[in-house]
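The values are calculated or read from the model by the stated rules, or taken from the named source; none is laboratory data. Quick caveat, the model's predicted, so the values are computed rather than measured. So basically every Cβ, Gly included, is an ideal-geometry build from the backbone, and we count neighbours across all protein chains shown.
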Amino acid sequence: MTATVSTVRQTTPPEPGGRPAGRAVTLRLGPVSARFRWRAVVVPVVASAVVVVLGALSLGRGDYPIGVGDVLRTLAGAGEQGQRFIVLDLRAPRILVGVLVGAALGLAGALFQTFARNPLASPDVLGITQGASVGAVAAITLSGGSSAGELLGGLGVPLAALAGALGAGALLFTLAWRSGLDGFRLVLVGIALWSAGQALTDWLLTGAQIHDASAAYVWITGSLNARSWDQAEPLLLSLAVLVPLALAAGRVLGVLQFGDDTARGLGVRVARAQGAVVVVAVLLVATAVAAAGPIAFVALIVPQVAVRLTGGSRPPLLASALCGAALVTGADLLTRTVLPEALPVGILTAAVGAPYLLWLLVRGRRTPA
Amino acid sequence: MTTSTPDAPPLSAPTSDGRVRLAAEGLRLAYDDRVVVEGLDLTLTDGSFTAIVGPNGCGKSTLLRALGRLLRPAAGRVLLDGRAIQRTPTRDVARALGLLPQTPVAPAGLTVADLVARGRHPHQSWLRQWSAEDEAVVAEALSWTDMGDLADRPVDELSGGQRQRAWISMALAQGTDLILLDEPTTYLDLSHQIDVLELVARLHAERGRTVVVVLHDLNLAARYAQRLVAMRDGVLVASGTPHEVLTEQLLADVFDLEARVVPDPVAGSPMVVPVRRLRR
Ligand SMILES: Nc1ncnc2c1ncn2[C@@H]1O[C@H](COP(=O)(O)OP(=O)(O)OP(=O)(O)O)[C@@H](O)[C@H]1O
Ligand SMILES: [Mg+2]
């Protein structure tokens, strides 16, 4: 069997605004072959390194600072009882939830934006995270009230959020579907769902007890506070299934980017492929939001940042996932250490995200999706 | 007959052996309840070069989409190599037949090389993503359409003519021997129209491709195609050689146009000189 690796020098386009494609690598081993852009390989590798470093820093920082050496010793299985508890039971699951939620949101955003051919098509804008908020807020504020409230309260906030997100996803899908999904229609329907969800949330909050309302507010902002292995484990399991499925969709997404006719002409069953992508993306968002609440803007911004880093015409899937993980881990570390009070991480991502989005809109004539 | 432009290929180049590649039988095409094409029969033989002409909105694009399996017929059927196309898997169709839609959109930032590479999609799989054959075919398609120098430019920054060549290059890379093109010359100035049609004619003459192209310019259609198909209001009105089809009577019937038909001084094909529009 022969393996060949060749690099092809691709020149930088002379036009301003064109993203240079960069060097391409071709890999061939027997019947297996693939082609990558160097930058599409380098960006995920660097992002992974950033996640590891931030995660390691995060393990040591907090109300009880622990030295790097002690952290490593604890991870290796040694270390004293108290440190083991803080590192392994308090901080590790919280950091892991941050990493996984960031990855899920980044990946889901990239999926949505690519197949809808619209950089606005992110789960925040499409009302899916809003659906999760409705579920969670209903569970928090209605429990103890009506019988429906009892039922929701019994579900627990994460499951209610999951149900809300899946419900919103299903509604979005049914309302936007017309023998296929049109990106523009999807965004319009999504915005309508978003406002309906917003109204419902507000209505629930106005009728709520004050302590319920403040708990609901914290949840709506998206927070990693007090996340434990109870959240980390189901998240890890579901992502173990969903991430490979999403990455496998990459090849088809490269064709779905075109109009439906072109994609079909290239042998893609468009409706089926779109349906599969939406289902995977909605499940990714739903599990992420159930674990940490709707951490704002991650799914909207990360894919757009990632595509600017890697170059190319669409948000890269793997790089979006890893950049999402890096963003949430970094934001969490900041809120826990530098900032005076432990803010919910969602406030920081929103504070960074909104100006960034504006900057994109003001500056951008190119909005690859 | 046709195609004897100054440096046109010899007429004898791809004679069809009469084998039917693509056929429409009793086709009725509709969007929801609105019938657009009714009772249409058409056969396209191997190695033929056909132009479809007709007024705006008469159903040319609709017919082409049905021939390419992008639209399910409300009645009747399309046969690809004798087999009902609706029962042929999407991927098999994509390996046999390439279709360039009327207004294809390339995603922002996609380079010409990447666009053309996407043409290989029907030949690729999860494991086999970029074979030596893919690479060779794409390189060949780029150089054959003269797009080599523009390979790294984003498609959305090309001129209309360059963009059209890029899409034709992609259709070539798809490697199908049946190619359907919907108005490949729209938005192009005359010299670029000729440029694109020469390319299509070479695809037919040198590559032996069976070509169907929707065109609005009757004179160019008559010059390049071996066969014209004229449509009006979703009905096939006439089909035959340009000389048979482009008559003054037909121009009146199909286009509501009073016109003289004279021999093209360059190619000898029929040439339409409009007089005025007829009121119906
Ligand atoms: N997606 C669609 N939904 C509903 N009606 C459509 C659709 N596409 C085309 N039509 C209608 O079908 C008829 C035929 O359209 P078609 O695009 O096939 O015409 P055409 O001959 O290609 O016209 P042109 O020369 O302008 O491209 C028109 O009346 C058009 O309005
Ligand atoms: Mg048309």
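Going by the structure shown, is B:Leu181 modelled with pLDDT of 90 or more and away from ligand 1 (no atom under 16 Å from the Cβ)? No. You will find that of B:Leu71, B:Leu63, the residue that is out of contact with any helix residue (DSSP H, G or I) (no Cβ under 6 Å at 6 or more places or on another chain) and either of a type in the set (Asp, Glu) or in contact (Cβ under 8 Å) with a residue 12 or more places away in the chain (or both) is B:Leu63 and no other.
When the residues of the range A:336-369 are narrowed to those that are among the hydroxyl-bearing types (Ser, Thr, Tyr) and under 23 Å from A:Val285 (Cα atoms), which ends up modelled with the highest pLDDT? Spell out how you get there, then give the answer.
To start, the set of residues in the range A:336-369 that are among the hydroxyl-bearing types (Ser, Thr, Tyr) comprises A:337, A:349, A:356, A:367.
Keeping just the survivors that are under 23 Å from A:Val285 (Cα atoms) gives A:349, A:356, A:367.
Details: A:Thr349: 87, A:Tyr356: 74, A:Thr367: 49.
Taking the candidates together, the pick is A:Thr349.
Filtering the range B:120-146 to residues that are more than 20 Å from the chain's Cα centre (by Cα) and among the hydrophobic types (A, V, I, L, M, F, W, C) leaves B:Trp126, B:Leu127, B:Trp130, B:Ala132, B:Ala136, B:Val137, B:Val138, B:Ala139. Of the listed requirements (1) surrounded by fewer than 23 Cβ atoms within 10 Å (Cβ to Cβ); (2) within 12 Å of chain A (Cβ to nearest Cβ), B:Ser143 misses just one: (2).
When you scan the range B:90-101, do you find a residue that is among the charged types (D, E, K, R) and either more than 10 Å from chain A (Cβ to nearest Cβ) or within 16 Å of ligand 1 (Cβ to nearest atom) (or both), even just one? No, because not a single residue in the range B:90-101 is among the charged types (D, E, K, R) and either more than 10 Å from chain A (Cβ to nearest Cβ) or within 16 Å of ligand 1 (Cβ to nearest atom) (or both). Scan the range B:251-280 residue by residue and report those that are within 22 Å of the chain's Cα centre (by Cα) and free of Cβ contacts under 8 Å to residues at least 40 places away in the same chain. Listed by number, the list holds a single entry, B:Leu251. Search the range B:52-89 for residues being within 13 Å of ligand 1 (Cβ to nearest atom) and in a strand (DSSP E or B), and hand back the single one that is farthest from B:Val254 (Cα to Cα). Here the answer is B:Ile52.
Scanning for something within 16 Å of ligand 2 (Cβ to nearest atom) and either surrounded by fewer than 18 Cβ atoms within 10 Å (Cβ to Cβ) or over 21 Å from B:Thr185 (Cα atoms) (or both), does the range B:94-102 turn up at least one residue? Lay out the reasoning, then the answer.
From the range B:94-102, those within 16 Å of ligand 2 (Cβ to nearest atom) are B:99-102; that's our starting set.
If we keep only those that are either surrounded by fewer than 18 Cβ atoms within 10 Å (Cβ to Cβ) or over 21 Å from B:Thr185 (Cα atoms) (or both) as well, we get B:102.
Within the range B:94-102, one or more residues are within 16 Å of ligand 2 (Cβ to nearest atom) and either surrounded by fewer than 18 Cβ atoms within 10 Å (Cβ to Cβ) or over 21 Å from B:Thr185 (Cα atoms) (or both).
Filter the range B:152-165 down to the residues that are of a type outside the set (Lys, Arg) and either surrounded by fewer than 23 Cβ atoms within 10 Å (Cβ to Cβ) or at pLDDT 95 or above (or both) and list them by number.
Narrowing the range B:152-165 to residues of a type outside the set (Lys, Arg): B:152, B:154-162, B:164.
Answer for the range B:152-165, where residues must be of a type outside the set (Lys, Arg) and either surrounded by fewer than 23 Cβ atoms within 10 Å (Cβ to Cβ) or at pLDDT 95 or above (or both): B:Asp152, B:Asp156, B:Glu157, B:Leu158, B:Ser159, B:Gly160, B:Gly161, B:Gln162.
Checked against (1) modelled with pLDDT of 75 or more; (2) more than 10 Å from every other protein chain (Cβ to nearest Cβ), A:Val5 passes all but a single condition, namely (1). Remark: pairs (first residue in the range B:210-233, within 14 Å of chain A (Cβ to nearest Cβ); second residue in a strand (DSSP E or B) and more than 16 Å from ligand 2 (Cβ to nearest atom); Cβ separation under 7 Å; 6+ apart in sequence or on different chains) = B:Val212/B:Leu44.
Provide a single number: the residues in the range B:90-130 that are assigned to a helix (DSSP H, G or I) and either in contact with a His (Cβ under 8 Å, 6 or more places away or on another chain) or not hydrophobic (A, V, I, L, M, F, W, C) (or both). Steps first, please.
Going through the range B:90-130, the residues assigned to a helix (DSSP H, G or I) turn out to be B:90-96, B:112-118, B:121-123.
Those left that are additionally either in contact with a His (Cβ under 8 Å, 6 or more places away or on another chain) or not hydrophobic (A, V, I, L, M, F, W, C) (or both): B:90-92, B:94-95, B:114, B:118, B:121-123.
Total meeting the criteria: 10.
Say whether the condition of being out of contact with any Lys or Arg (no Cβ under 9 Å at 6 or more places or on another chain), within 12 Å of chain B (Cβ to nearest Cβ) and outside any helix (DSSP H, G or I) is met by at least one residue in the range A:271-280.
To start, the set of residues in the range A:271-280 that are out of contact with any Lys or Arg (no Cβ under 9 Å at 6 or more places or on another chain) comprises A:271-280.
When the remaining residues are screened for being within 12 Å of chain B (Cβ to nearest Cβ), the result is A:271-273.
From the residues that got through so far, the ones that are outside any helix (DSSP H, G or I) too are none.
Within the range A:271-280, none of the residues are out of contact with any Lys or Arg (no Cβ under 9 Å at 6 or more places or on another chain), within 12 Å of chain B (Cβ to nearest Cβ) and outside any helix (DSSP H, G or I).
Determine, yes or no, whether B:Met271 is away from ligand 2 (no atom under 16 Å from the Cβ), touching a helix residue (DSSP H, G or I) at 6+ places or on another chain (Cβ under 6 Å) and assigned to a helix (DSSP H, G or I). When the stated conditions are applied, B:Met271 does not pass them. Could you say whether any residue in the range B:36-50 is within 13 Å of ligand 2 (Cβ to nearest atom), part of a strand (DSSP E or B), under 16 Å from the mean Cα position of the chain (by Cα) and modelled with pLDDT of 95 or more? Within the range B:36-50 (the criterion being within 13 Å of ligand 2 (Cβ to nearest atom), part of a strand (DSSP E or B), under 16 Å from the mean Cα position of the chain (by Cα) and modelled with pLDDT of 95 or more), the answer is no, since none of the residues qualifies.
For the range B:115-129: of the residues being within 7 Å of another protein chain (Cβ to nearest Cβ) and out of contact with any Leu (no Cβ under 8 Å at 6 or more places or on another chain), which is nearest to B:Ser159 (Cα to Cα)? Step by step, filter the range B:115-129, then rank; the result is B:Gln129. Exactly one residue among B:Ile52, B:Ile85 is away from every other protein chain (no Cβ under 14 Å), under 30 Å from B:Val235 (Cβ atoms) and of a type outside the set (Asp, Glu), and that residue is B:Ile52. One residue stands out in the range A:166-192 among those that are in contact with a Gly (Cβ under 6 Å, 6 or more places away or on another chain) and over 22 Å from A:Ala263 (Cβ atoms): the one that is surrounded by the most Cβ atoms within 10 Å (Cβ to Cβ), namely A:Ala168. Within the range B:170-214, restricting attention to residues that are more than 15 Å from the chain's Cα centre (by Cα), among the aliphatic types (A, V, I, L, M) and crowded, with 17+ Cβ neighbours inside 10 Å, the residue that is nearest to ligand 2 (Cβ to nearest atom) is B:Leu188. Scanning the range B:184-198 turns up no residue that is within 22 Å of B:His121 (Cα to Cα) and either more than 16 Å from ligand 1 (Cβ to nearest atom) or at pLDDT below 90 (or both).
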